[in-house]
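The values are calculated or read from the model by the stated rules, or taken from the named source; none is laboratory data. Treat the numbers as computed from the prediction; the structure is a model and nothing was measured. Here the Cβ positions follow ideal geometry from the backbone for every residue, glycine too, while neighbour counts run over all protein chains shown. Protein only, heavy atoms only, side chains kept; ligands, DNA and RNA dropped before computing areas. Shrake-Rupley method; radii C 1.70, N 1.55, O 1.52, S 1.80 Å.
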Amino acid sequence: RYRADGSLDPMFGDGGKLIIDFDGTDDAVRSLAILGDGSIIAGGYRMEMVTATMFKRNFAVVKCSSEGVLDASFGDGGKVATPFSSDRHASGFAMGVQTDGKIVMAGYSYVGTSANYQVALTRYNGDGTLDETFDDDGMVLVSTGFMLGEAYALQIQLDGKIVVGGIVYEGFDTDFAVMRFNTDGSLDPSFGASGLAQATWGTGEEEKAYGLALQWDGSIVIAGYKGNGSSRQTALLRFNSDGTPDASFGTDGRVGDDLSPEADGANAVLIQPD
């Protein structure tokens, strides 16, 4: 944690830093949220050694106080690791906290070494246990009729519905995608096509969305990049609240800007008060 002048805050953790090790293997934080009491929630993945020569990733969440001390009342000494199954990898990338304190994380999961990615979500109670009112076991895998997908961004609407941004695969191409889930973990059939809204610039384009923001009117903005293998451009899309492209934004809801002669892209998006 940094102070306003950019120096490390000595009141946080060990000289301004907190390093959390699950069990001596690789761990990573991909998202972070601060609760109303100043507590900090961080989410991502931890590596689990299955055998001496095999490992897999699991969703992971940690909670610490505003002073950088792990919260012993959360999970196992402040740490929670969630395997989806014994042979399934899962990496968390985005997180949100509901008004009731429950924690939602989204990412992707796959089996073995093949690229059969599925959008994956978990929801935790305030104490770190899985919320069994969320798809019966606290975990959601979108094994789609929508093809394969990955989630990299998440926002929670005022009505509690969960909006996730990322990609779906179309053959060898990837398209921008947004999924919306009801509060029980089911896909919202009133959004897009059975819960999925996707958009593309055309065949042969690789498109990935990493940032998502909700506007005051319910519109959804996602940001990332589009490319054709030799160049990339920053790309934004805006969907209406029902998942249809917003024709008043850019060209048919799309904006693609070439900011440099080489490659560029966006990893996050925020909306100003105007």
- Compute the projected area of the convex hull of the Cα atoms of the range 1-45, averaged over all viewing directions, and report it in nm² to one decimal place. 4.0 nm²
- Query: Under the Kirkwood approximation for Rh and a Cα-based Rg, what ratio Rg/Rh is obtained for the range 56-95?
  - Reply: 1.07
- Direction-averaged shadow area of the convex hull around the Cα atoms of the range 154-223, nm²? 4.8 nm²
- Query: Taking amide hydrogens as modeled 1.01 Å from N in the peptide plane, which residues meet the under 5 Å criterion relative to Ala153, leaving out close sequence neighbours?
  - Reply: Gly165
- Note on the structure: Fraction of alpha-carbon pairs in the range 14-84 farther than 19 Å apart, rounded to whole percent, equals 33 percent
- Which ³J(HN,Hα) values, rounded to whole Hz and listed in residue order, are derived for the range 119-127 from phi using the Karplus coefficients 6.51, -1.76 and 1.60 in 6.51 cos²θ - 1.76 cosθ + 1.60 with θ = phi - 60°, glycine and proline given as x? 5, 10, 9, 10, 10, 10, 6, x, 9
- Query: Stokes-Einstein at 4 °C, 1.567 mPa s, Kirkwood radius from Cα pairs: D for the range 1-154 in µm² s⁻¹?
  - Reply: 80 µm²/s
- Among all stretches of the chain without exposed chymotrypsin sites (Phe, Trp or Tyr not before Pro) (DSSP loop, at most 14 other Cβ atoms within 10 Å), which one is longest? 1-171
- Solvent-accessible ranking of Glu206, Glu150, largest area first, probe 1.4 Å: Glu206, Glu150
- Item | Accessible area expressed per residue, the chain, with surrounding protein chains retained (probe 1.4 Å, Å²) | 49 Å²
- Note on the structure: At q = 0.13, 0.14 Å⁻¹, the log10 of I(q)/I(0) for the range 71-130 from a Debye sum over equal Cα scatterers comes to -0.38, -0.44
- Message: Can you report the principal axis dimensions of the range 104-227 using only the alpha carbons, biggest first, rounded to whole angstrom?
- Response: 44, 41, 23
- Just give me a number: lysine pairs in the chain, eight or more positions apart or cross-chain, with C-alpha atoms less than 14 Å apart. 4
- Item | Amide proton proximity set for Ser31, modelled H, under 5 Å, gap of 5+ | Gly43
- Query: log10 I(q)/I(0), Debye, Cα-only the chain, no solvent, q = 0.07, 0.10 Å⁻¹?
  - Reply: -0.26, -0.54
- Task: For every other residue with a beta carbon closer than 11 angstrom to the beta carbon of Asp100, add +1 if it is Lys or Arg and -1 if Asp or Glu, then tell me the sum.
- Result: +1
